[in-house]
1. Right, Thr48: polar (S, T, N, Q), under 32 Å from the mean Cα position of the chain (by Cα) and at negative phi or not?
2. Just for the stretch 1-11: of the residues that are within 46 Å of the chain's Cα centre (by Cα) and assigned to a helix (DSSP H, G or I), which one is surrounded by the fewest Cβ atoms within 10 Å (Cβ to Cβ)?
3. Look through the stretch 13-48, keep the residues that are of a type in the set (D, E, K, R) and not in a helix (DSSP H, G or I), and return whichever of them is most open to solvent (accessible area, probe 1.4 Å).
4. Looking at the stretch 103-113, is at least one residue modelled with pLDDT under 90, of a type in the set (S, T, N, Q) and open to solvent by 100 Å² or more (accessible area, probe 1.4 Å)?
5. Which one is modelled with the highest pLDDT, of the residues in the stretch 78-87 that are of a type outside the set (D, E, K, R) and open to solvent by 70 Å² or more (accessible area, probe 1.4 Å)?
6. Filter the stretch 51-77 down to the residues that are more than 17 Å from the chain's Cα centre (by Cα) and among the small types (Gly, Ala, Ser), then identify the one that is least open to solvent (accessible area, probe 1.4 Å).
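The values are calculated or read from the model by the stated rules, or taken from the named source; none is laboratory data. Computed from a prediction, not measured in an experiment: that's the story for all the values here. Cβ placement follows ideal geometry from the backbone for every residue including glycine, while neighbour counts extend to all protein chains displayed. Calculation scope for accessible area: heavy atoms of the full protein, side chains included, ligands and nucleic acids excluded. Shrake-Rupley method; radii C 1.70, N 1.55, O 1.52, S 1.80 Å.
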Amino acid sequence: MFDLGAAEILVIIIVAVLVIGPKDMPLAMRSAGRWIGKIRKVSTHFRTGIDAMVREAELEDMEAKWKAQNEAIMRRSAAGTEAENGEPVMTGPPPVADASAETASDPMAPTPRDPQPDAAPAKPKE
């Protein structure tokens, strides 16, 4: 990561022993290890967040590309079918019809009920 060779690490250790002293060296190494661990956790969290954002952006791009390809395929298929049959083919979602017209034409459809006014609850017999 920092591109430190064996010679550089040896120089750092010698300077640390001279400056900190051999008595306090284990405590200094422990606290340095803790700080390095915290820095690694933060960098890992940051990296995973960036990776997730990149994945989401790639998925959005792929979905847009797939949608465009699907529409092109549907248009070509519809054009081929229209040429064969001579009738226009619907390639989009079906049109939305009025709900009252649908229930009037469908004898099996449930009939809408009129809302009943709030009635007083029946008194229980004693």
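1. On the way: polar (S, T, N, Q): yes; under 32 Å from the mean Cα position of the chain (by Cα): yes; at negative phi: yes.
In short, yes.
2. Taking the stretch 1-11 first, the residues within 46 Å of the chain's Cα centre (by Cα) are 1-6, 8-9.
In the following step, the residues that additionally are assigned to a helix (DSSP H, G or I) were identified as 6, 8-9.
Values: Ala6: 7, Glu8: 11, Ile9: 10.
The qualifying residue surrounded by the fewest Cβ atoms within 10 Å (Cβ to Cβ) is Ala6.
3. To start, the set of residues in the stretch 13-48 that are of a type in the set (D, E, K, R) comprises 23-24, 30, 34, 38, 40-41, 47.
If we keep only those that are not in a helix (DSSP H, G or I) too, we end up with 23-24.
Values: Lys23: 180, Asp24: 80 Å².
Across the stretch 13-48, the extreme among qualifying residues is Lys23.
4. Step one: list which residues in the stretch 103-113 are modelled with pLDDT under 90, which gives 103-113.
If we keep only those that are of a type in the set (S, T, N, Q) as well, we get 103, 105, 111.
Add one more test, that the residue is open to solvent by 100 Å² or more (accessible area, probe 1.4 Å), and what stays is 111.
Yes; the residues of the stretch 103-113 include at least one that is modelled with pLDDT under 90, of a type in the set (S, T, N, Q) and open to solvent by 100 Å² or more (accessible area, probe 1.4 Å).
5. We begin by selecting, within the stretch 78-87, every residue of a type outside the set (D, E, K, R); these are 78-81, 83, 85-86.
If we keep only those that are open to solvent by 70 Å² or more (accessible area, probe 1.4 Å) too, we end up with 83, 85.
Working: Ala83: 74, Asn85: 77.
Here the residue is Asn85.
6. My answer is Ala72.
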